[in-house]
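The values are calculated or read from the model by the stated rules, or taken from the named source; none is laboratory data. Please read all numbers here as calculations on a predicted model, not as lab measurements. Positions of Cβ are backbone-derived with ideal geometry, glycine not excepted, and every protein chain shown enters the neighbour counts. With ligands, DNA and RNA removed, areas are computed over all heavy atoms of the protein, side chains included. Shrake-Rupley method; radii C 1.70, N 1.55, O 1.52, S 1.80 Å.
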Amino acid sequence: MGKDYHYKMSGDELQSKTIDFLRFPLIVGVVFIHTDFSDIVMKGVKQISFVNYPLFSHTFFLFSKIVFELCVPLFFFISGFLFFYKTAGFSMEIYLQKLKNRVRSLLVPYIFWNLLVILFLLLAQSFLSGSLVSGRNKLITDYDLADWLWSFWDTSQVNPHSEKSLPVNSPFWFIRDLMVVVLFSPIVYILIKKLRTYAVIILGLLWIFNPFFYLPGLSTVSFFFFTAGAYFSINNKNFVSGMRPMLSIAVPLYVLLVVAQLLFLNKSWWVDLYCAGISIGLIATVSVVAHFIGKESWRTNRFLATSSFFIFAYHRLPLVFVIKFLFKLLKPQSEVLLLFLYFFCPVIIIVFGLMIYSFLKQFWPRFMAIVSGGR
């Protein structure tokens, strides 16, 4: 009888497969974060008030404001890890080469997708029914040079009513802030080399002190989680091997923190639960995925993994129009219909995006490679 040799996955392979697996579910979470009915304005009229729909508002808050809030920090963590992955030292030559690579993978897609949104808004403002546009934003046709430039960085400079400092393709604040952190990467490297874990702790405390600090390009969440991921790479540590054994502690603790965030929503110390939830949720997510991939119960779908950047880049504007169109068509005034739309809108946007991605990748692969940053 032949011996049954059981294949054992190496630590590096498990880490790589865990990162690949996470890409698509994290993007799904980002789409849900942006499925926000709280500020749907058509012809200057706000469509619904959350206080009238407690079941829907709690469901929305559970997923979009608690569970999926860890998606972007985890992306920053992975980005920091991959930026320094298997980098021997950090000379000026290495730094310049990494900047050159990020021009292709970050800056070129950043410019393209923001420009595309501006052009679509121009078409929408020119030809779509007035009921499907908010009526609050400055018309693209009225833009001067400064407005065009600010649109790529901070639209609150163009539309003062906006409370958030976001580029015109709003999810791309992540890419914007990531590019800024990358520019500061030599400082991140020196801090980790000199201070080791204290560098991560100091930035972590700054984030906990003000987790919602956002200046255009500068945010506590980007610097802390990028540095935390970088710490593992620079010190040749496998973060999956470190987090996987925490599964039995991290998962129940995370569930408790999620419940606590729902129960103590209006407390002054809720922000502490929020930070704890993201930190423990990150460990829980990585450990769960690594556990099932290690047991070969889960496998990465290559198509979904490679499509994730396209879904991220394209989804925001179509999602807004689908939500507004369905609100205009169905005029939802019940908990059930609002819940249905909350889950239906992201699904239809993601499925439609996968179809577009598949078509473009088949017929214009070089174009897709450019606008997806070579992913």
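Rounded to whole Hz and in sequence order, give me ³J(HN,Hα) for the range 303-316 from the Karplus expression 6.51 cos²θ - 1.76 cosθ + 1.60, θ = phi - 60°, writing x for Gly and Pro.
5, 5, 5, 6, 7, 4, 5, 4, 4, 4, 6, 8, 6, 5
For the range 283-368, what are Rg and Dmax over the alpha carbons, in angstrom?
In Å, with Rg to one decimal and Dmax whole: 17.0, 47.
Cβ neighbours within 10 Å, averaged per peptide: list 138-150, 204-216, 220-232 in order, most packed at the top.
220-232, 204-216, 138-150
Taking every pair of alpha-carbon atoms in the range 293-339, what share in percent sits in each 10 Å bin, from 0 to the bin with the longest distance?
Result returned by the calculation: 20, 27, 25, 22, 5.
Taking a probe of 1.4 angstrom, what is the accessible area of residue 85 in Å², to the nearest 10?
80 Å²
Divide by every residue of the chain the summed helix terms, -39500 (n - 2.57) for each DSSP H run of at least 4, and state the resulting mean residue ellipticity at 222 nm, rounded to the nearest 500 deg cm²/dmol.
-21000 deg cm²/dmol
Given (1) -0.70, -1.41, -1.60; (2) -0.80, -1.24, -1.34; (3) -0.60, -1.27, -1.49 as candidate values of log10 I(q)/I(0) by the Debye sum over Cα atoms at q = 0.10, 0.14, 0.15 Å⁻¹, which corresponds to the one derived from the coordinates?
It is the one labelled (1).
Longer than 22 Å from Cα to Cα, which of 100/164; 98/193; 86/361; 138/164; 17/86 are they? Say none if no pair is.
100/164; 86/361
Loop-only check: which trypsin sites (Lys or Arg not before Pro) in the range 270-328 are DSSP coil with at most 10 other Cβ within 10 angstrom?
Passing sites in the range 270-328 are 295.
Sorted by packing (mean other beta-carbon atoms within 10 Å per residue), highest first, where do 97-108, 71-82 land?
Ranked from most to least packed, the peptides come out as 71-82, 97-108.
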